[in-house]
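Single-structure report; data block below.
The values are calculated or read from the model by the stated rules, or taken from the named source; none is laboratory data. All values reported here derive from a predicted model rather than from experimental measurement. FYI the Cβ positions are ideal-geometry reconstructions off the backbone, even for glycines, and counts take in every protein chain you see. The protein model used for the area step is the full one, side chains on, heavy atoms only, and it has no ligands, DNA or RNA in it. Shrake-Rupley method; radii C 1.70, N 1.55, O 1.52, S 1.80 Å.
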Amino acid sequence: MTPPAGSSPAGATPPGPAPISGPGRRARRERALAVVACLLGSAAVLFSAGSTWVSARVQAATGAGNEVVAAPLPVSWSGGSLAPAVTGLALLGLAGTVAIIATRRLGRIVVGVLVVLAGLGIVLTAGGIALDPEGAVRGTDEVQAVVPVGEPAILGLSSGAGPWFAVLGGLVLAVTGAIVVARAGTWPAMSGRYQARVAAPVDAWDAIERGQDPT
């Protein structure tokens, strides 16, 4: 017996989804690389913010007669204490890893712009500390705690690689955000199967409240 038109012969494997074309595969790969780059840049900044950026010995240099009034005390500053804004900007970049996938063209452009701004803010803040660590630490609470009155002397100041590591992470975020803005229109949006669906009613009363017939 001839099977009806449009039906598959018995035992035949139903056709699967159409394969993704070359441009579509490339767009997905670009989007995945942008997500990974955004994640790595944010992680680099967050990791560096927890490390020691600057260390020194702080001393109350002069008294009434210009003499030393106290022995120097060692003080260290982490990226989080010197530049708390860097941590917040890195968290913004981290949120971009999800938003790049979840948003569509216009929303993705906005996300890209925010990631660019976050990256540039990190570069400027961390770069300023790396170039002038003494100016960055002189007015901090740590110095005020050691020398509450008078002019402090910052001795033996040394800065680590933390600020530069944060600058590198900020550059990665800025470049990634720029790529997102430029390529937003060519990348696919999240598949509909990942979008939220209305939950099925759990009982008759729930069905009635939803306006459904429980029978």
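When the residues of segment 12-47 are filtered to those that are open to solvent by 60 Å² or more (accessible area, probe 1.4 Å), over 28 Å from ILE122 (Cβ atoms) and of a type in the set (A, V, I, L, M, F, W, C), the one that is modelled with the highest pLDDT is ILE20.
Scanning segment 146-171 for residues that are open to solvent by 50 Å² or more (accessible area, probe 1.4 Å) and of a type in the set (A, V, I, L, M, F, W, C) yields VAL149, LEU155, LEU157, ALA161, TRP164, PHE165, LEU168, LEU171.
Selection within segment 121-145: residues that are of a type in the set (Gly, Ala, Ser) and over 24 Å from ALA174 (Cα atoms). The member of this set that is surrounded by the fewest Cβ atoms within 10 Å (Cβ to Cβ) is GLY139. Checked against the criterion of being of a type outside the set (Gly, Ala, Ser) and either modelled with pLDDT under 90 or more than 22 Å from VAL35 (Cα to Cα) (or both), segment 111-120 contains not a single residue that satisfies it.
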